[in-house]
Structure formats: C-alpha cells, structure tokens
1. What shape does region 2-131 have by the C-alpha gyration tensor, where a ≥ b ≥ c are the square roots of the eigenvalues, rounded means a/c under 1.5, and otherwise prolate means a/b greater than b/c and oblate the rest?
2. Give me D for region 68-186 in µm² s⁻¹, whole number, from Stokes-Einstein with Rh from the Kirkwood sum over alpha-carbon pairs, 25 °C and 0.890 mPa s.
3. Residue-wise, which Karplus ³J(HN,Hα) couplings in Hz belong to region 64-73, taking 6.51 cos²θ - 1.76 cosθ + 1.60, θ = phi - 60°, and x for glycine or proline?
4. For a quick check: with amide H placed at 1.01 Å from N, whose amide H comes under 5 Å from His30's, ignoring anything fewer than 5 positions away on the same chain?
5. Can you give me the relative contact order of region 75-148 as a percent, contacts being Cα pairs under 8 Å and 6 or more apart?
6. List the pairs from Lys58/Lys149; Lys13/Lys56; Lys13/Lys58 whose alpha-carbon separation is above 29 Å, in the order I gave them.
7. Summing +1 for each Lys or Arg and -1 for each Asp or Glu, what net charge is found among the other residues whose Cβ lies under 13 Å from the Cβ of Tyr15?
8. Which whole-number percent is the relative contact order of the chain (Cα, under 8 Å, 6+ apart)?
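Only the coordinates and a few stated rules stand behind these numbers; no lab work does. Quantities reported herein were computed from a predicted structural model and do not represent experimental measurements. FYI the Cβ positions are ideal-geometry reconstructions off the backbone, even for glycines, and counts take in every protein chain you see.
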Amino acid sequence: MLNPHIVIQAYTKGYFPMAHPDEDNEIFWHLPNMRGIIPIDDRFKVSKNLARLYRKNKFQLRINGNFKEVMLACARRDDTWISDEIIETYCQLNQMDVAYSFEAWLDGKLVGGLYGLAIGRAFFGESMFHTVTDASKIALMFLVETLRKWDFQLLDSQYLNDHFRQFGAYEIPHEEYMILLEDALS
C-alpha cells in the first residue's frame, strides 16, 4: 500500500505515482524530463463559448462533493493508471485535506470533474472526466478560479496534451519546473 506521507514527499521532489496495468498494476514513480504546466494567470485561455457557458451557471460547481466518485469516474477507461491502490491512497489524502476534487454537477448528478493534490501553493492535477459535453472543462475553469482566490502559483498537469494546450498550457524542462515548484512550496 502506498503511504500517503511518502506520496506527499514525492510530489515535493517532482515525482508522482502511476500504476501500470500491463505490470499487474505495480506502482512506478514518474519524473518527466518535460513537465506540463497550465497557467493560472491571465495566460489561461478560454474560448468565448466556454466562458459564456461558465457564466450561465448551467453546472453546479463543488469542491469535494464526492471525491471517490470523481476518482472512480476518471478510472473508467480502457487503459488507466488509476488502480485500486491509487484510489485508496488518494482518498486517504483527501481525508487529510491534501487531495481535492473539483466537480461539475447537473440535475443532481456528477457529470464532470478532476482531482489532484494541493501542497503549499502548488496544485498537482491528476486526472479528469466528463459524461456531459464541456463538464470537465467547466471543472478546470472552476479549479483555476479557485487557485487564483487561494493565491496559488503553480498548476502542474504532469504531461502536456492537446486538450490542455487549448487553455494555454505549455511544457518546461525538469530543472525549470523544480525552480517553480520550490518557489510554490516555500
């Protein structure tokens, strides 16, 4: 079983755990050479349509409304690194007020969200899901708005993908990431 305190310590050193399904869900520690960063300042980009949808308040937005269900929904895919051990550990981290879920609800149902860890003034995004169009994007906007209010400095997406690029996400080398991380943790 992963120890939640070791997980926290690993994040502060730039590492994060992932289970490998093809290795019987053995946990491996990842330390990417290039790190994905989502800006939380004015470089965070949102389309006009998405901004309009956010302002309409179509979705009810919650923090930790159902953390475990967010994790289970994120794990519901053919190939996932979110094993039962990861779920159990991150639920413990949620009980310790270190892991958080940012959720979009519609008509009383959880339809999108994401989860990650908040340590110092850094948020380490882990995974996201949606069952209704744009629900995960709305949850991401809610996360960024909240991180701004909480005076956070860093939103780590671990790896960069095209989905995050649309929001202005970019990659930086490990050495540069560690400087930003150290600053956000101090």
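1. Values: a/c = 1.77, a/b = 1.43, b/c = 1.24.
Prolate shape, in that a/c is at least 1.5 and a/b is the bigger ratio.
2. Details: Rh = 15.0 Å.
It comes out at roughly 164 µm²/s.
3. Along region 64-73, the couplings run 6, x, 7, 4, 4, 5, 4, 4, 4, 5 Hz.
4. For His30, whose amide H was placed from the backbone, the distant partners under 5 Å are Phe16, Met18.
5. Values: 90 pairs, mean separation 16.2, N = 74.
22 percent.
6. On the way: Lys58/Lys149 22 Å; Lys13/Lys56 40 Å; Lys13/Lys58 39 Å.
Among Lys58/Lys149; Lys13/Lys56; Lys13/Lys58, the Cα-Cα distance tops 29 Å for Lys13/Lys56; Lys13/Lys58.
7. Values: positive: Lys13, Arg35; negative: Asp156.
Here the count lands on +1.
8. Normalised by residue count, the contact order of the chain is 30 percent.
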